[in-house]
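Novice: Dropping the structure in here first, questions after.
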Amino acid sequence: MEFKRIAINTGGGDAPGLNAVIRAIVLAATQRGWECVGIRDGYNGLLSPEKYPEGGLMPLTPDVVRGITHLGGTILGTTNRGNPLAYPVLGEDDQYYEIDRSDELLNAFAENNLDALIAIGGDGSLAIAGALAAKGLRVVGVPKTIDNDLDKTVATFGFNTAVYFATECIDRLHTTAASHQRIMVVEVMGRYAGWIGLNAGVAGTADAILLPEIPYDINKVAEKIQKRSARGRDFSIVVVAEGAKPVGGDVTIIGKSVGQAERLGGVGHKVGAALEALTGKETRVVVLGHLLRGGKPTAYDRLLSLRFGAAAVRSLVEGQSGVMVALDPPTVNYVPLADVAGRMKQVPLDCDTMLTGRDLGISFGD
Ligand code: F6P
């Protein structure tokens, strides 16, 4: 198929590396004589163009993407409230309802002469991309998320940056924890998967790591801390993934709005209060939250993002559609979007990093 004009969008939460993907796509596509445009804020630039006085589509030339490889965020904007298959609209009764606007969206693609879409996003965005491909749109997905919870790719971009920053924070907390003989509880993002918590916790030599994959017994964590005290180690670092839950309990949520995923958060404070009560040690809680998403990508994530963006363009050249580019070291290959949707990748309990943590004596609260 001949391409004249392709669209790029970024959906869901931002992640370091989005701009690098955009730049690689634009440069690789321009070399082939294609024009690129970016859809603003997920699909909103096409679904609600009236909200964008400067136009819902952003022309993307090599000049526009110059010097953005190292920048965090996304020049296109993003949203996690614009699912075209379940779009939230305010009813006359002041309640939000979800409606399917996908046909309207496909018409907007045709009206704007867009031959294909490269959709950069996490599980939600890639499921939407798969549904649009099934309706006949030519689509390639690029896996993004700091959570690293997407199946069929060894890594998503953004994850390495989040782990790197969380590890740096844990290092800093060690010195203040040791000086004050305190317990420091560090809550990290990651949704229902413990990849960030496990990797940053092991790299940062935490004393306990609580993950969504292993319901924790707080008494076991307190025991670990008391044993350290008995050996003269009077401070402890406890990394808690936001999706961690106690044995027999549930995840801690901030809330849930129409058209949005459940917002996790708060388990760190619960763990901190319980440990202070059980051990009698002064405890402080630090929630890293969106700091893990902001800022510039590491060299690893930049390179991965550039490789993903260029591979997405090559996949269109090869006539592929309905696929996601995936890291399969040493190469990048393509997997059907249908094989990715709805398959969250959690940490396998027997993975090498988990075994390493156990061999180092880290408590997982079990
Ligand atoms: O999926 C990325 C992520 O940062 C999760 O780790 C976190 O639970 C969620 O997004 C936060 O989303 P929001 O930006 O809507 O608060």
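Novice: Set the Förster distance to 30 Å, then compute FRET efficiency between Leu291 and His180 from the Cβ-Cβ distance, nearest 0.05. Display every interim value, and only then the final one.
Specialist: On the way: r = 22 Å, r/R0 = 0.74.
That pair, Leu291 with His180, gives E of 0.85.
Novice: I need the semi-axes of the equivalent ellipsoid of the range 31-149: take the C-alpha gyration tensor, multiply each eigenvalue by 5, square-root it, list largest first in whole angstrom.
Specialist: 24, 17, 16
Novice: List the DSSP H helices in the chain whose Cα atoms stretch 15 Å or more along the helix axis and whose mean Kyte-Doolittle hydropathy is at least -0.5. Before the final figure, lay out each step's value.
Specialist: Working: long enough: 18-31 (20 Å, 1.43); 123-134 (16 Å, 1.33); 159-180 (31 Å, 0.07); 218-230 (18 Å, -0.82); 267-279 (18 Å, 0.72); 299-317 (27 Å, 0.70).
The answer, listed by residue number, is 18-31, 123-134, 159-180, 267-279, 299-317.
Novice: Quick check: with the 1.4 Å probe, what order do Tyr52, Tyr97, Tyr334 take by accessible area, largest first? Walk me through the numbers before you get to the answer.
Specialist: Values: Tyr52 30, Tyr97 110, Tyr334 55 Å².
Result of the area sort, largest leading: Tyr97, Tyr334, Tyr52.
Novice: Now a separate question. Using only protein heavy atoms and a 1.4 Å probe, report how much of His180 is accessible, in Å² to the nearest 10.
Specialist: Surface accessible to solvent at His180 totals approximately 90 Å².
Novice: Just grab the label-to-label distance for Ala230 and Asn333, each label 7 Å out from Cα along the Cβ direction, in nm (one decimal).
Specialist: 5.1
Novice: For Leu117, which sequence-distant residues (separation of 5 or more, or a different chain) have an amide H within less than 5 Å of its own amide H, given hydrogens modelled in the peptide plane?
Specialist: Ala7, Arg138, Val139, Val140
Novice: For the residue pair Asp217 and Glu54, what label-to-label distance in nm results when each label sits 7 Å from Cα along the Cα-to-beta-carbon direction?
Specialist: Each label point lies 7 Å from its Cα, and together they span 5.7 nm.
Novice: For the chain, what does -39500 (n - 2.57) per DSSP helix run (n ≥ 4), summed and divided by total residues, give at 222 nm, in deg cm²/dmol to the nearest 500?
Specialist: Roughly -10500 deg cm²/dmol at 222 nm, from the helical runs in the chain.
Novice: Going Cα to Cα from Lys227, which aspartates and glutamates come in below 14 Å? Please leave out same-chain ones fewer than 8 positions away.
Specialist: Asp207
Novice: How large is the accessible surface per residue of the range 8-93, computed with a 1.4 Å probe and reported in Å² as a whole number? Before the final figure, lay out the partial values.
Specialist: Working: 3420 Å² over 86 residues.
Counting only protein heavy atoms, the per-residue value for the range 8-93 is 40 Å².
Novice: Between rounded, prolate and oblate, where does the range 1-87 land on the alpha carbon gyration tensor, with a ≥ b ≥ c its root eigenvalues, rounded for a/c under 1.5, else prolate if a/b exceeds b/c?
Specialist: oblate
Novice: Two decimals, Cα atoms only, Kirkwood Rh: what is Rg/Rh over the range 65-129?
Specialist: Rg divided by Rh gives 1.05.
Novice: Considering only lysines 8 or more places apart in sequence, or on different chains, count the pairs in the range 244-340 whose C-alpha atoms sit under 21 Å apart.
Specialist: Eligible lysine pairs with Cα atoms under 21 Å apart amount to 4.
Novice: For Arg66 and Lys4, what is the calculated FRET efficiency with R₀ set at 30 Å and r taken between the beta-carbons, to the nearest 0.05? The partial results should precede the final answer.
Specialist: Values: r = 23 Å, r/R0 = 0.76.
For Arg66 and Lys4, the calculated efficiency is 0.85.
Novice: Let me ask something else about it. Taking amide H atoms as placed 1.01 Å from N in the peptide plane, list the residues 5 or more away in sequence, or in a different chain, whose amide H sits under 5 Å from that of Ser236.
Specialist: Here Arg182, Ile183, Met184 satisfy the definition.
Novice: Now a separate question. Could you tell me what percent of the accessible area of the chain is made up of carbon and sulfur, with a 1.4 Å probe and every protein chain present?
Specialist: On the way: 7890 of 15540 Å².
The C+S portion of the solvent-accessible surface of the chain is 51 percent.
Novice: Considering the convex hull of the alpha carbon atoms of the chain, report its projected area averaged over all viewing directions, in nm², one decimal. Don't skip to the answer; put the middle values down first.
Specialist: Working: hull surface 78.7 nm².
Projected area, direction-averaged: 19.7 nm².
Novice: Put +1 on the Cβ of each Lys and Arg and -1 on the Cβ of each Asp and Glu in the chain; which of Pro297, Ala312, Pro59 then has its Cα farthest toward the positive end of the dipole?
Specialist: Projecting each Cα onto the dipole axis, the largest value belongs to Pro297.
Novice: For the range 191-258, what is the accessible area per residue in Å², given a 1.4 Å probe and the full set of protein chains?
Specialist: Working: 2690 Å² over 68 residues.
With the other protein chains kept in place, the range 191-258 gives 40 Å² per residue.
The values are calculated or read from the model by the stated rules, or taken from the named source; none is laboratory data. As the structure is a computational prediction, the values presented were derived from the model and not from experiment. In this analysis, Cβ positions are derived from the backbone assuming ideal geometry, glycine residues included, and neighbour counts consider all displayed protein chains. Surface areas here come from the heavy atoms of the whole protein model, side chains and all, with no ligands, DNA or RNA. Shrake-Rupley method; radii C 1.70, N 1.55, O 1.52, S 1.80 Å.
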